[in-house]
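Each reported figure results from applying straightforward, stated rules to the coordinates on display, with no laboratory input. Here the structure is a predicted model, which is why all the values come from computation and not from measurement. Counting neighbours? That spans all protein chains shown, and the Cβs are built from the backbone with ideal geometry, glycine included.
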Amino acid sequence: MTDRTSERLPESSHRGPAHGARGRSLPPWSLLAAGALLGGVAGGAYGVVKAPVYTATSYVVVVPGEGSDTQSALGFAQAYGRVATQVAVLGDAQVWAGVPIETLRKDVRTATSPDAPMVAVSATSSRPDVAADMANAVSRALTRHANDTQRSTRVELQQFARATRPTEASSASPTVTGLVGTAAGGLLGGLALLIRPRRTPDTPPTASVPGPAHAADAHGQL
């Protein structure tokens with residue numbers, strides 16, 4: 001009896017570490033939690049570090065003159081929306097805005113509507129006063145160039161609303177960037193969870209074969 005007990009002890013001691021390793025393994029959902037946490041921290045930090053951006057918008061309207069109609073005004077509004085960001089207009093606007101023409105070309109956008117003969121001129125900058133100055137300068141330059149050809153186009157471009165200094169940033173806040181980072185991190189964690197290598201099932205223990213001495217003892221007892 002003593003010999004058999006001593007022979008079984010190594011087998012039980014060999015199984016112990018395997019059960020402990022399985023108990024210490026992390027659950028699969030930990031990848032999702034870690035990805036969401038890291039993404040939220042990174043997104044929030046980006047929102048704090050990145051400088052805020054302000055957007056100011058001015059509006060000009062095309063008024064039909066004698067011998068013209070509303071449809072002609074709509075067509076010219078679309079044309080003026082495309083011309084507003086050309087060099088001929090921006091060259092004059094840079095003098096009033098006090099910024100290089102490259103800055104106007106990069107940070108000024110126009111928008112038109114198919115239902116109203118109006119052009120919206122939007123400018124973005126890290127300074128709210130500069131954003132308003134750029135939008136108003138481009139609107140002023142566009143109005144001047146359009147009215148130089150008023151006799152041939154039979155429409156007049158008038159300022160509808162000046163751009164005012166924005167009081168709130170148009171860029172995303174740290175809260176928004178943090179939420180976006182959390183969602184992106186959770187998505188990456190889910191992808192990592194899907195492509196992670198699968199664990200193979202544990203190999204079932206094999207039956208131990210008694211040695212010759214134990215076999216002879218067992219035969220003698222029988």
* Asked: Taking a temperature of 4 °C and a viscosity of 1.567 mPa s, what whole-number D in µm²/s does Stokes-Einstein yield for the stretch 50-111 with Rh from Kirkwood over alpha carbon pairs?
  -> 95 µm²/s
* To do: Beta carbons within 10 angstrom, averaged per residue: use that to sort the peptides 115-122, 72-79, highest first.
  => 115-122, 72-79
* Asked: Between residue 69 and residue 161, what is the FRET efficiency for a Förster distance of 25 Å, r being their Cβ-Cβ separation, to the nearest 0.05?
  -> 0.55
* Structure fact -> Packing-ranked peptide list from 137-143, 148-154, highest mean Cβ count within 10 angstrom first, is 137-143, 148-154
* To do: Can you pull the one-decimal nm distance between simple spin-label points at residue 88 and residue 37, each 7 Å off the Cα toward Cβ?
  => 6.2 nm
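Quick one: length gained pulling residue 187 to residue 111 fully straight, 0.36 nm per residue minus the C-alpha distance?
That works out to 23.9 nm of additional length.
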